[in-house]
Amino acid sequence: MKRLVILGVIFGCFFINVDLHAMGPIQVTVSILPQKYFVERIAGGLVRVEVMCPPGAFPGMYEPKPTQMVSLSRSKVFFAIGVPYERSWLGRFEKINPGLYICRTDKGIEKRIMKTSSGKRGGRMPISKDPHCWLSPPLVMLQARNILDALVKVDPDHKRAYYEGYRRFIDELVNLDLEIKDIFSNRGEKHIFMVFHPSWGYFADAYGLEQVSIEVEGKEPKAAELERLIDYAREHGIKEIFVQPQQSKVIASGIAESIGAGLVYLDPLSPDWARNLVDAAKKIRTALR
């Protein structure tokens, strides 16, 4: 009798552990840090989010580490967003985890063509499309719907909770969009700002601005293009050049010194996405004065 009681306790504990594991959060993986913000806003504690491209890394040429590939084998979803490294790795992700659902969060978004480094004044012809659609709150509303659909697909038992999180996130995005519009209200006619890496085109489109980029498609400008950029910056009274923490500042520093401008950080990959966009709007607004 005592033996049966002991066995009953052991098997009871076993089944309790199994049930608790099933009730735990599902693992998903996102391509870049801002997506972690989006997924957690919708799913809350129902998911555990892993980030493939970690803080400080540049998603243009990132190579996942072996430990990340092992972790990916436990994920239900990979949330892609169209950054360059995904072209080489998405197929490998599917081979490592055949059950992995690939959600292209940028589905339905018309990608903008990257302009030449000096606008219409010559330079290289644009040959690629801009992946930085996560920096526009209106476009993130579209991404949020794609994220919602993927979560419901892989975890239908929590469909109601995901829809509630989605609705709250959309409300947040609407309010954020209005706050940024208010920051740029009464800015006058000046609308051009200069960046090193062309990350902020969708943000500029959303708020009636224009970014002028030093770098084009990950390539540094040649001598003739540098001269055009310096002339362009002087002509338009550029006093700040925006750079991002993940990249070298050498060329931007040279241009800034030539035109008497300062360097200001804008991080397109900040994990605190909403606050970062408000801070970016304020910095750009200051540069337009």
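A few remarks follow.
- In the stretch 213-232 there is no residue matching the filter, namely being at pLDDT 90 or above, touching a strand residue (DSSP E or B) at 6+ places or on another chain (Cβ under 8 Å) and of a type in the set (A, V, I, L, M).
- Failed item in (1) out of contact with any helix residue (DSSP H, G or I) (no Cβ under 9 Å at 6 or more places or on another chain); (2) in contact (Cβ under 8 Å) with a residue 40 or more places away in the chain; (3) surrounded by fewer than 16 Cβ atoms within 10 Å (Cβ to Cβ); (4) over 26 Å from GLN27 (Cα atoms), with SER185 passing the rest: (2)
- Test: residue in the stretch 159-175 that is surrounded by fewer than 21 Cβ atoms within 10 Å (Cβ to Cβ) and closer than 23 Å to ALA256 by Cβ: no
- Only one entry of GLU40, GLU50 meets the criterion of being modelled with pLDDT of 95 or more and assigned to a helix (DSSP H, G or I), and that entry is GLU40.
- Residues that are more than 16 Å from the chain's Cα centre (by Cα), among the hydrophobic types (A, V, I, L, M, F, W, C) and within 24 Å of GLU225 (Cβ to Cβ) within the stretch 172-209 comprise ILE192, PHE193, MET194, VAL195, PHE196, LEU209, listed in sequence order.
- Count of the stretch 126-147 residues, restricted to those that are among the β-branched types (Val, Ile, Thr) and either surrounded by 14 or more Cβ atoms within 10 Å (Cβ to Cβ) or in a helix (DSSP H, G or I) (or both), is 2.
- Single residue of the stretch 148-158 satisfying the filter (over 21 Å from GLY108 (Cα atoms) and among the charged types (D, E, K, R)) that is surrounded by the fewest Cβ atoms within 10 Å (Cβ to Cβ): ASP157
- Scan the stretch 198-211 for residues that are crowded, with 22+ Cβ neighbours inside 10 Å and touching a Ser or Thr at 6+ places or on another chain (Cβ under 7 Å) and the total you get is 3.
- Scanning the stretch 65-92 for residues being crowded, with 18+ Cβ neighbours inside 10 Å and more than 15 Å from GLN27 (Cβ to Cβ) gives a total of 7.
- Boolean, PRO25 is surrounded by 13 or more Cβ atoms within 10 Å (Cβ to Cβ) and at pLDDT below 95: no
- Scanning the stretch 148-176 for residues that are closer than 20 Å to GLY24 by Cβ, assigned to a helix (DSSP H, G or I) and in contact with a strand residue (DSSP E or B) (Cβ under 8 Å, 6 or more places away or on another chain) yields ALA150, LEU151, LYS153, VAL154.
The values are calculated or read from the model by the stated rules, or taken from the named source; none is laboratory data. Treat the numbers as computed from the prediction; the structure is a model and nothing was measured. Positions of Cβ are backbone-derived with ideal geometry, glycine not excepted, and every protein chain shown enters the neighbour counts.
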